[in-house]
Each structure stands twice: as structure tokens, then as C-alpha cells.
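S.K.: I'd like to ask some things about the structure below.
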Amino acid sequence: QPQLLEDLKILKSLKLKEEKEGKVDDGNDKSSALQLWDMGYYMRKYKATLGVDEAELREYFPLDHVKKEILSIYQELLGLRFERVIVKNNNSKDNDDDEIFEVWLEDVECYAVHDLKQWEEEEKKEGESASSLLGYFFLDIFP
């Protein structure tokens, strides 16, 4: 908690500095208050003061690899299996029967969530019903 308060104080000081320089005008009487929508902007500004180059960091952490590894960690940690489900975009003209979910953007992915133990048993007994299915989730990395 103390570190959070210290970080918020730093972000607020960045906002106050911009207000004094006349760079911020959100038309609000409480403009010096740090709002939720300010957080991303001032976090990037603060990282820049520390010499952190997010574009350079992205080179070392390709999105597809990071996504695959994070899902793998959750599968192992929670005893689950994630299977990507074919989806269709709102703008899609295709009416393929395999596409069972509609998504709001083409970057959004849908995953079926299975109980790992039941899923492994079903794999051994081909033709069984999908009783291992627990549900689905949508992954929207760029909300």
C-alpha cells in the first residue's frame, strides 16, 4: 500500500506540472485530481523519465509468445486446458457452421475452458461427450 501511495503521488505531481505549464485543460474544476483515465498517460510519462522505452521492450516480449506462455501458466496452475474456438467477426460475411461465437473485433479470441483431468480421460476414450467443458472466455488484449 505505501508504494502505491508513493506512485500515485509521483503521477499526480506530473499532472500538476503539466497544468502549471498550461498543457492540461480537461474543463473540470477538479482538474488537478488524478482521474482513472489519466493513469495510462502519466504512467508512460513517468516511465519515460526513468529511461524506459516501451517500444524497445516489445521487441523482447513478442505478443504471441507472451500470450501463449501466460495461458500455459494458468493451465498448469489451475488444472485447466484452453482450446481456441473459431469465432466470427460482426463484419464477417461467412456463415460457417464451425463459427459458434460472434466477436466485436477481429483481434478478440475465444477459448473453451476444460477441466484438464476430465479432458485427458475423454481424449483416451474417443467419441465421448464433452463433459470436461467448464465454460468459455474472450481474450481482448486491446480493449
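None of the figures in this text is laboratory data; all of them are computed from the coordinates on show. These figures come from a predicted structure and were not determined experimentally. Neighbour counts are summed over all protein chains in view; Cβ atoms, including those assigned to glycine, are modelled from backbone coordinates with ideal geometry.
S.K.: How high is the FRET efficiency from Glu56 to Asp7, r the C-beta distance, R0 30 Å, rounded to 0.05?
M.R.: 0.85
S.K.: Simple spin-label model, 7 Å along Cα-to-Cβ: Lys67 to Asp140 in nm?
M.R.: Result: 1.5 nm between the two label points.
S.K.: Which length gain, in nm to one decimal place, applies between Tyr74 and Arg44 when the Cα-Cα distance is subtracted from 0.36 nm times their residue separation?
M.R.: 8.0 nm
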